[in-house]
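The block underneath contains the structure these notes are about, expressed in structure tokens.
The values are calculated or read from the model by the stated rules, or taken from the named source; none is laboratory data. Given the structure is predicted, the values throughout are model-derived calculations rather than measurements. Cβ coordinates were reconstructed from backbone atoms using ideal geometry, including for glycine residues, and neighbour counts include every protein chain displayed.
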Amino acid sequence: MTTTTTQVKHEVKDLALAPQGRQRIEWAGREMPVLRQIQERFAQEKPLAGIRLIACCHVTTETAHLAIALKNAGADSLLIASNPLSTQDDVAASLVADYGISVFAQRGEDNETYHRHVQLALDHKPNIIIDDGSDVVATLVQERQHQLADIIGTTEETTTGIIRLKAMFRDGVLTFPAMNVNDADTKHFFDNRYGTGQSTLDGIIRATNILLAGKVIVVAGYGWCGKGTALRARGMGANVIVTEIDPVRAIEATMDGFRVMPMSLAAPQGDIFITVTGNKHVIRAEHFEVMKDGAIVCNSGHFDIEIDLKSLGEMATEVKQVRNFTEQYRLNSGKSVVVLGEGRLVNLAAAEGHPSAVMDMSFANQAMACEYLVKNRGNLEPGLHSIPEEVDKEIARLKLQAMGIAIDSLTPSQVEYVNSWTSGT
Ligand code: ADE
């Protein structure tokens, strides 16, 4: 760990990368008008003064703007990476050197370093934890019970993290409030759908430079991320197959115009496979065996467990890096399977994650969720809490305003009509 003269703690790749990082952070800011307004308000009102906060996020240009908002708010904060392959080293450097924010994150860090950073973050004795995937909260409740009294609450960014928090609550270990940022309308409708849709294809294209038009793309999972990915893949001219385990989502995918079938039938047909289920081993040995020669597999779900890479490694006679983020596994049969981004989030490993315009709303929710936790300190029950509707709607209003889009409002007689039940047929 290094401490600079200004007491900013850091473990980043190279502080000399800061100028490039700063330029990229400023560029992203152009597309983040909602968070900018929150940064400005926070600088005046200091709603997080005296609060120790840790954020475990993908260290990107967009996260930089969240970190700046938290700093403006007066929080004593520290940022760590939420995934070993998602850190943008120039951004990490700039946050330390230009913005005076403590960061522990290096692209390509090994699992041991990743977990050491989680411990270092918890050593900061946080009152609030911003989590993306719930690794920090899971570590806190298992290993640091003596720190629970300090905790005001946590905010969770992603579907996988929300599933883990629900399991923690069920098991009686989530003893503090957790703000469900993922389920805010202004988060998942845009970030999970359009963000994942665009950035996943961006990652595939940057890693492979292949044409998507005419390819058979298999999307595993038809949650919000799967919906966005299938939609955008079709938009690029691909022939899209969806696999699902949920019958309602399977009907939805069918009526949205996609072919739906089990992975066992999709495996021999696909050119490209994208997993976005949140579950493990969605693509496994029996599927690799029947894939076409040269099939490409990648994952855009939170953890690198959706593709059974251990089995693929055991089936391979040779593994060769053929491009950046692209590894070719040669199988006994003579066929090959190509894996992108080591099975980690392909949109962050091979591209830059979701575009700033959607992260604007996601991180506006994060910032306002932290403010809400502090304002309601001591009054919130343990367990998951929705982002209040007025916060969600306010973020949508600010976004529309920034986009220059006006909408209608109800006339007085319409208000009366929607509030009455007497006028029917
Ligand atoms: N998750 C997905 N895309 C992201 C981004 N650009 N920044 C931070 N977290 C993300």
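Some values worked out for this structure:
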quantity: Residue in the range 330-339 that is modelled with pLDDT of 95 or more and within 30 Å of ARG24 (Cβ to Cβ) present; calculated: yes
quantity: Filter result for VAL216 (in contact (Cβ under 8 Å) with a residue 40 or more places away in the chain and away from the ligand (no atom under 15 Å from the Cβ)); calculated: yes
quantity: Unique match (being farther than 26 Å from ALA55 by Cα and either in the same structural domain as THR326 (by TED's automatic domain parsing) or surrounded by fewer than 24 Cβ atoms within 10 Å (Cβ to Cβ) (or both)) among LEU174, LEU211; calculated: LEU211
quantity: Residue match in the range 138-145 (condition: over 30 Å from ALA396 (Cα atoms), of a type in the set (Asp, Glu) and in contact with a strand residue (DSSP E or B) (Cβ under 8 Å, 6 or more places away or on another chain)); calculated: no
quantity: In the range 270-297, the residues that are small (Gly, Ala, Ser) and either within 12 Å of VAL339 (Cα to Cα) or crowded, with 24+ Cβ neighbours inside 10 Å (or both); calculated: GLY270, GLY294, ALA295
quantity: Test: residue in the range 142-153 that is touching a residue at least 12 places away in the same chain (Cβ under 8 Å) and either more than 25 Å from PRO126 (Cβ to Cβ) or among the hydroxyl-bearing types (Ser, Thr, Tyr) (or both); calculated: no
quantity: Unique residue being modelled with pLDDT of 95 or more and in a loop (DSSP other than H, G, I, E, B) when the list is ILE245, ILE217, ILE251; calculated: ILE245
quantity: Which numbered condition ILE54 misses (of (1) hydrophobic (A, V, I, L, M, F, W, C); (2) crowded, with 24+ Cβ neighbours inside 10 Å; (3) without any contact (Cβ under 8 Å) to a residue 60 or more places away in the chain); calculated: (3)
quantity: Qualifying residue in the range 368-384 (condition: aliphatic (A, V, I, L, M), surrounded by fewer than 20 Cβ atoms within 10 Å (Cβ to Cβ) and in contact with a Lys or Arg (Cβ under 9 Å, 6 or more places away or on another chain)); calculated: yes
quantity: Qualifying positions in the range 41-62 - within 26 Å of ARG107 (Cα to Cα) and in contact with a Gly (Cβ under 9 Å, 6 or more places away or on another chain); calculated: CYS56, HIS58, THR60, THR61, GLU62
quantity: Residue match in the range 342-350 (condition: without any contact (Cβ under 8 Å) to a residue 40 or more places away in the chain and polar (S, T, N, Q)); calculated: no
quantity: Looking only at the range 61-98, and only at residues there that are surrounded by fewer than 24 Cβ atoms within 10 Å (Cβ to Cβ) and under 14 Å from the mean Cα position of the chain (by Cα), the one that is nearest to SER199 (Cα to Cα); calculated: SER86
quantity: Some residue of the range 298-319 being crowded, with 18+ Cβ neighbours inside 10 Å and free of Cβ contacts under 8 Å to residues at least 24 places away in the same chain; calculated: yes
quantity: Within the range 332-348, considering residues that are among the small types (Gly, Ala, Ser) and more than 16 Å from the ligand (Cβ to nearest atom), the one surrounded by the most Cβ atoms within 10 Å (Cβ to Cβ); calculated: GLY343
quantity: Which listed residue is at pLDDT 95 or above, away from the ligand (no atom under 15 Å from the Cβ) and either not in a strand (DSSP E or B) or not assigned by TED's automatic domain parsing to the domain that holds ILE395 (or both), from GLY237, GLY228, GLY203; calculated: GLY237
quantity: Lone qualifier among ASP392, ASP360 - being acidic (Asp, Glu), buried (at least 19 other Cβ atoms within 10 Å of the Cβ), in contact (Cβ under 8 Å) with a residue 24 or more places away in the chain and more than 16 Å from the ligand (Cβ to nearest atom); calculated: ASP392
quantity: Residue list for the range 363-374, filter: more than 9 Å from the ligand (Cβ to nearest atom) and either free of Cβ contacts under 8 Å to residues at least 60 places away in the same chain or within 16 Å of THR154 (Cβ to Cβ) (or both); calculated: ASN365, GLN366, ALA367, MET368, ALA369, CYS370, GLU371, TYR372, LEU373, VAL374
